[in-house]
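As structure tokens, the structure follows; a few thoughts come after it.
The values are calculated or read from the model by the stated rules, or taken from the named source; none is laboratory data. Quick caveat, the model's predicted, so the values are computed rather than measured. Note that we place each Cβ from the backbone using ideal geometry, even for glycine, and neighbour counts take in every protein chain shown. The area values use the complete protein model at the heavy-atom level, side chains included, leaving out ligands, DNA and RNA. Shrake-Rupley method; radii C 1.70, N 1.55, O 1.52, S 1.80 Å.
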Amino acid sequence: MKVIKVSKHKKDSYQVEFDNDVSLLVSEDLLVEFRLIKDNELSSDEWDKLVYKASYDRGLQLALNYISYQLRTVQEVDRFLKEKEFTSENRKKIIERLAELQVIDDTFYAQSYVRTQLALSDKGPKQIQQKLKQKGIKETIIQDALHLFDEQSEVDLALRTAMKLNQRIHHKSHRERLQKIRLGLLQKGYQSQVIEQVMGQIEIEEDEQEENLALEKAGWLLWRKNQRLSLVKRRQKVKQGLYAKGFAIEQIQEFIDRECIDESE
């Protein structure tokens, strides 16, 4: 293959055109190593080596750009390079070089991720563990990083999360609020023993006026939803629905009786 044109690209890279209609982007080192000057010819072996090394250089640069914006795991970099159609051999070599440069490190990534979640999010350790697994982190590395999540830190974070959940569902019945808080903590990845501690510490007073307002709102929606049913079935449906939402049976009966009186007038 003969070089027919060499032009400057960016910084230390060059665009080299060959007589086989192929154009390669190469580094200054490769330019010197393969004597890529106009009219110079490369043997088949030299050509294969050049293509391989040029691909490696390009992949390394792309990977460095990819991780310059935020921390990445080994799996994330490998997937990125695979999407760019680099061979498995080149991907492996690039990742090894990035590790040598200490710009990718799954242990450091996992520890940084746990610290960030502790400081800024409401995720529990199980949810964090799942997120790190999805990013390709090995289980042993994940478990070591989760040691930063000591039990007291988890309890404190779970308690703050529970209070936020309570503020968002204040219009629910007292019993339903407790159920939703417990479920919310479970979904966010907190351990069972921590949830029990939090539920024992959290103070959610049962406000009678607020409870009545919540019942009125939920009851009215159910009463309207079932308006096409006969009165007997309608009463039954509303009673079942409100009871499932955690309201006391006496309050439910009072509401239904009021609605029946209002409709009969």
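For region 200-213, check the following and say yes or no: at least one residue is in a helix (DSSP H, G or I) and modelled with pLDDT of 75 or more.
Looking through region 200-213, at least one residue is in a helix (DSSP H, G or I) and modelled with pLDDT of 75 or more.
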Can you name the residue in region 232-242 that is surrounded by 13 or more Cβ atoms within 10 Å (Cβ to Cβ) and of a type outside the set (Gly, Ala, Ser) and, of all such residues, is modelled with the lowest pLDDT? Leu242
Output the residue which, of all residues in region 1-60 that are over 38 Å from the mean Cα position of the chain (by Cα) and among the hydroxyl-bearing types (Ser, Thr, Tyr), is nearest to Lys84 (Cα to Cα). Ser23
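Going through region 157-177 one residue at a time, which ones are open to solvent by 70 Å² or more (accessible area, probe 1.4 Å) and either touching a strand residue (DSSP E or B) at 6+ places or on another chain (Cβ under 6 Å) or not in a loop (DSSP other than H, G, I, E, B) (or both)? Give the derivation first.
Just the residues of region 157-177 that are open to solvent by 70 Å² or more (accessible area, probe 1.4 Å), to begin with: 160, 163-164, 167-168, 170-171, 175.
Within region 157-177, Arg160, Met163, Lys164, Gln167, Arg168, Arg175 meet the criteria.
Residues that are of a type in the set (D, E, K, R), closer than 22 Å to Leu71 by Cβ and surrounded by 18 or more Cβ atoms within 10 Å (Cβ to Cβ): does region 137-154 have at least one? Spell out how you get there, then give the answer.
Step one: list which residues in region 137-154 are of a type in the set (D, E, K, R), which gives 138-139, 144, 150-151, 154.
Imposing the further condition that a residue be closer than 22 Å to Leu71 by Cβ reduces the set to 138-139, 144.
Filter once more, so that each one left must be surrounded by 18 or more Cβ atoms within 10 Å (Cβ to Cβ): none.
Within region 137-154, not a single residue is of a type in the set (D, E, K, R), closer than 22 Å to Leu71 by Cβ and surrounded by 18 or more Cβ atoms within 10 Å (Cβ to Cβ).
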Do we find a residue being acidic (Asp, Glu) and over 25 Å from Ile95 (Cβ atoms) anywhere in region 31-39? yes
Quick test of your reading of the structure: Leu148 fulfils all but one of (1) aliphatic (A, V, I, L, M); (2) in a helix (DSSP H, G or I); (3) over 18 Å from the mean Cα position of the chain (by Cα). Name the failing condition by number. (2)
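A quick yes/no check of all residues on (1) out of contact with any Asp or Glu (no Cβ under 6 Å at 6 or more places or on another chain); (2) open to solvent by less than 50 Å² (accessible area, probe 1.4 Å); (3) more than 23 Å from Asp12 (Cβ to Cβ):
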site: Tyr52; (1), (2), (3): yes, no, no
site: Ser55; (1), (2), (3): yes, yes, no
site: Arg58; (1), (2), (3): yes, no, no
site: Gln70; (1), (2), (3): yes, no, yes
site: Thr87; (1), (2), (3): yes, no, yes
site: Lys92; (1), (2), (3): yes, no, yes
site: Arg97; (1), (2), (3): yes, no, no
site: Leu101; (1), (2), (3): yes, no, no
